[in-house]
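Structure first, then comments.
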Amino acid sequence: MNNSCNVWGAGLTCVILLLSLACGDDTPPPGPACSAANCVGCCVGGVCQPGTLDSACGAGGGACNSCGGNQSCQKGTCGPKTTPPKKCAFSSCGGCCQNDKCMAGSAQQACGMNGEVCKQCTGGTACHKGACKPCGLETCPNGCCQNMTCMNGNTEAACGANGNPCTSCGPDQECKGGACQTIAKKCSATNCQGCCQGDVCEKGEQDAACGSGGAMCQACTGKMKCSQVGATRLCKAAADASYSVIFQSAVVTKKNSKSQEWDTPKESGCITCLLGCCPPDVFARQKDTKYVGSLVAGMLVSNSVQANTATPKWSLSLGTASATKLTGGAISVMLMDDDAGILTDDQIGECKGTIQTSDLTAGQIVLSKTGGQCTGNVESLTILFKKL
């Protein structure tokens, strides 16, 4: 009976085992509970934890602990929190430390040395060799001190050197080499009653340097002498020198201001008009009710028509005059195009100028449109001065 039960019990056990294998239940049997025998960390609910977290701290298979706010897990034990060692320190920084970073230690905002905490230099002090020091020779050797601040020292507003107080230069001074120096005034009409030889004011009474009113000095050559003429001094020929004045030549445009021929075949006897080329018949306008006449230093230019040419040449002698009369004499010449019969003469243009001593020396004066002395269709006008 008992044997039957054992056999029956054993068979039942086998049947159950076979059924569980057939159904796929491969769940392993539960392992042993967390203990010192199988856990180097700490145990929570029978499960082994590393034991290194502040929320689960422990060792040797004991129960895990939760460290407080001012504690941290240190080798399985809750203890006071420790500050990690600083990266910036005396051993690693020759400058100063700012927010655990090594700074050069030479800036106003971060001054220091040997790994100390950086300081900000204030109150007019400057960072020099890792220390905040007042502005002076040591901290500002190449500039000057203004309100305890080191300036470059090379401006008129703050001029100086060697750490001395900055100086403000005067209106006639400039800052050179850290010192205010008086500017040499340039020669001009504002500071020279004689004439200017470069930047030097000369009396203007010598033949080698003649002039007045701060104008450029002139060198009187040949028989020209430095002479007082009214309120000015200038080079002029000796009083006995006289010149023959010759109304010489001119250059005018080949066509008028409307880009048309000056004359038509009806207006001119020039055969070239039949070929489409009608240059002007040039003469100097004479005195009439509306014009005083063409004058050179008061001498009237006589009427002489140079026909059918854009380059008239008169070589008219206007008379003789002394150098004194000619110097400063006005020239006013209006050139016209002569038209035949009752036709109105065309105005070509006008030249105006003033005779200078240098013109007498050169023997001529040339007035030109490019020089601003001639207008209209006159390109140039030449007048000769022949010394007698």
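The values are calculated or read from the model by the stated rules, or taken from the named source; none is laboratory data. Note that the coordinates shown come from a computational prediction; the quantities given were computed from them, not determined experimentally. Heads up, the Cβs are rebuilt from the backbone with ideal geometry, glycines too, and the neighbour counts pull from every protein chain shown.
At-a-glance table
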{"read-out": "Residue within segment 302-320 that is of a type outside the set (Gly, Ala, Ser), within 23 Å of THR221 (Cβ to Cβ) and either touching a residue at least 12 places away in the same chain (Cβ under 8 Å) or touching a Leu at 6+ places or on another chain (Cβ under 9 Å) (or both) present", "value": "yes"}
{"read-out": "Answer residue from segment 235-263, given it is among the hydrophobic types (A, V, I, L, M, F, W, C) and modelled with pLDDT under 90 and is nearest to ALA307 (Cα to Cα) among those", "value": "TRP262"}
{"read-out": "Considering residues of segment 185-225 that are among the polar types (S, T, N, Q) and within 35 Å of the chain's Cα centre (by Cα) only, the residue nearest to SER358 (Cα to Cα)", "value": "GLN197"}
{"read-out": "Which numbered condition ASN147 fails, given (1) surrounded by 12 or more Cβ atoms within 10 Å (Cβ to Cβ); (2) under 27 Å from GLY177 (Cα atoms)", "value": "(1)"}
{"read-out": "Which listed residue, of GLU202, GLU174, is surrounded by 13 or more Cβ atoms within 10 Å (Cβ to Cβ), closer than 30 Å to PRO141 by Cβ and touching a strand residue (DSSP E or B) at 6+ places or on another chain (Cβ under 7 Å)", "value": "GLU174"}
{"read-out": "Residue count, segment 171-195 (criterion: in contact with a Cys (Cβ under 9 Å, 6 or more places away or on another chain) and at positive phi)", "value": "1"}
{"read-out": "Residue match in segment 70-83 (condition: modelled with pLDDT under 90, farther than 21 Å from HIS128 by Cα and under 60 Å from the mean Cα position of the chain (by Cα))", "value": "yes"}
{"read-out": "Residue ID - farthest from GLN286 (Cα to Cα), chosen from residues in segment 323-382 that are at pLDDT below 90 and hydrophobic (A, V, I, L, M, F, W, C)", "value": "ALA323"}
{"read-out": "Among (1) within 20 Å of LYS236 (Cβ to Cβ); (2) buried (at least 16 other Cβ atoms within 10 Å of the Cβ); (3) out of contact with any Lys or Arg (no Cβ under 7 Å at 6 or more places or on another chain); (4) not β-branched (Val, Ile, Thr) - the single one SER212 does not satisfy", "value": "(3)"}
